[in-house]
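Read-outs throughout are calculated quantities, based only on the coordinates presented, and are distinct from any laboratory measurement. Just so we're clear, the structure is a prediction, and the values are computed from it rather than from any experiment. Don't worry about glycine lacking a Cβ; one is built from the backbone with ideal geometry, like all the others, and counts go over all protein chains shown.
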Amino acid sequence: MHVLIVGDGQLGSALKQVYTAKPVQITVWAQPVFDITQPAVADQVADLAPDVVINAAAWTNVDGAESNPDGAYAVNALGPKYLAEGCARCGAALVYVSTNEVFAGAPGRSYREYDQTSASSAYARSKLAGEVAVAAALRELYIVRVSWLFGAGGANFPAKIIAGADRLGALRVVADEFGNPTYAPDAAAAIAQLVETGRYGTYHLVNEGWCSRYQLARHVLESSGRGHIEVTPISHKEWQRPSQPPLHAVLVNQAGAALGIRLRPWGEAVEEFCQVEFAWQKN
Ligand SMILES: NC(=O)c1ccc[n+]([C@@H]2O[C@H](COP(=O)([O-])OP(=O)(O)OC[C@H]3O[C@@H](n4cnc5c(N)ncnc54)[C@H](OP(=O)(O)O)[C@@H]3O)[C@@H](O)[C@H]2O)c1
């Protein structure tokens with residue numbers, strides 16, 4: 001099997017690690033050499049003719065998308081459309097990675113794969129447009145939604161909490177926004193497992209369980225030897241930002257679990273992340 005991994009951010013790097021340990025051929029395409037917003041990408045994919053393309057390239061600056069929705073749409077919808085067109089021409093399958101933010105996130109709700117989407121921010125609209133565009137171009141398609149992704153080297157929430165704690169000594173964290181923290185290596189392994197099934201469709205591959213930003217921050221601090229740091233829970237209304245994320249876009253992994261694909265509880269994943277990234281061992 002020949003797997004083309006597009007993008008080398010948090011998820012792309014984790015996918016590369018997962019596939020390096022498997023008896024498959026891997027190609028990785030990343031910026032600046034490779035830009036998915038170029039329509040010629042369809043020809044490049046068709047010429048390479050891999051068996052599977054996993055798109056881990058994306059515009060992930062959620063707040064930045066508000067001031068440049070065209071930029072976000074180009075990377076998150078047009079780029080994946082070109083990849084899907086290339087796949088259709090060479091018979092490859094595509095994994096399109098999407099987000100929990102495609103749901104409205106009404107308080108108290110959780111969302112299964114079949115639930116109605118309703119994207120509000122510019123970022124979420126671009127990701128949802130990507131889901132629609134790839135589905136129009138290709139049948140051999142996995143749409144994999146993840147949430148609150150964190151992994152090595154990324155500018156993710158746990159890393160920001162640790163940096164903020166070390167810089168400020170105390171933190172204020174939103175306590176009324178909920179999601180599923182998802183560890184990039186766990187999501188990457190789950191995606192590889194899914195691809196092996198050949199069962200196309202929409203999946204929610206998130207670590208098990210959900211929490212508030214405040215609960216996640218507390219667990220990150222405790223797991224990285226910073227449990228003494230004071231954290232004040234605040235309302236999202238006290239944390240002004242250009243985009244308003246859905247407050248309760250909690251995903252349920254029903255379709256993946258039915259195939260035996262489950263990710264471990266998010267707390268365990270956070271503990272491993274802290275050990276790997278910050279070399280901190282529990283006594
Ligand atoms: N991060 C989250 O919390 C989160 C939550 C839910 C869903 N997701 C989804 O999960 C997927 C993976 O996210 P991630 O956190 O791994 O993202 P990431 O770390 O930000 O990596 C994204 C990668 O895409 C590359 N990229 C951007 N524009 C590109 C272009 N035009 N052509 C080629 N490559 C381009 C970036 O390159 P540069 O570094 O050079 O810009 C970067 O390597 C994305 O689809 C994202 O929407 C993420």
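Some notes on this structure:
- Of all residues in segment 33-47, those satisfying the criterion of being out of contact with any strand residue (DSSP E or B) (no Cβ under 9 Å at 6 or more places or on another chain) and either in a loop (DSSP other than H, G, I, E, B) or closer than 12 Å to VAL6 by Cα (or both) are VAL33, ASP35, THR37, GLN38, PRO39, ALA40.
- Selection of segment 2-33 for residues being within 7 Å of the ligand (Cβ to nearest atom), over 9 Å from ALA56 (Cα atoms) and touching a residue at least 60 places away in the same chain (Cβ under 8 Å) yields an empty set.
- Every pair of residues 6+ apart whose Cβ atoms lie under 6 Å, when the first sits in segment 247-275 and is outside any helix (DSSP H, G or I) while the second is hydroxyl-bearing (Ser, Thr, Tyr): VAL250/SER110; LEU251/TYR111; LEU251/SER147; VAL252/SER110; LEU259/THR197
- Number of positions in segment 203-236 that are in a strand (DSSP E or B), surrounded by fewer than 20 Cβ atoms within 10 Å (Cβ to Cβ), touching a residue at least 40 places away in the same chain (Cβ under 8 Å) and of a type in the set (S, T, N, Q): 1
- Test: residue in segment 8-16 that is in a loop (DSSP other than H, G, I, E, B), out of contact with any helix residue (DSSP H, G or I) (no Cβ under 8 Å at 6 or more places or on another chain) and of a type in the set (Gly, Ala, Ser): yes
- Lone unmet requirement of (1) within 14 Å of the ligand (Cβ to nearest atom); (2) farther than 21 Å from ALA192 by Cβ; (3) buried (at least 16 other Cβ atoms within 10 Å of the Cβ) for GLU85: (1)
- Counted residues, segment 102-121 - those being of a type in the set (Gly, Ala, Ser), in contact (Cβ under 8 Å) with a residue 40 or more places away in the chain and either within 23 Å of LEU15 (Cβ to Cβ) or assigned to a loop (DSSP other than H, G, I, E, B) (or both): 6
- Scanning segment 126-156 for residues that are part of a strand (DSSP E or B) and more than 8 Å from the ligand (Cβ to nearest atom), we see that the one that is nearest to the chain's Cα centre (by Cα) is VAL144.
- Residue count, segment 167-196 (criterion: farther than 18 Å from GLN10 by Cα and part of a loop (DSSP other than H, G, I, E, B)): 4
- On the stretch given as segment 53-81, residues that are within 10 Å of the ligand (Cβ to nearest atom), surrounded by 19 or more Cβ atoms within 10 Å (Cβ to Cβ) and under 16 Å from PRO39 (Cβ atoms) total 7.
- Residue within segment 94-101 that is under 19 Å from PRO39 (Cα atoms), touching a residue at least 24 places away in the same chain (Cβ under 8 Å) and among the polar types (S, T, N, Q) present: no
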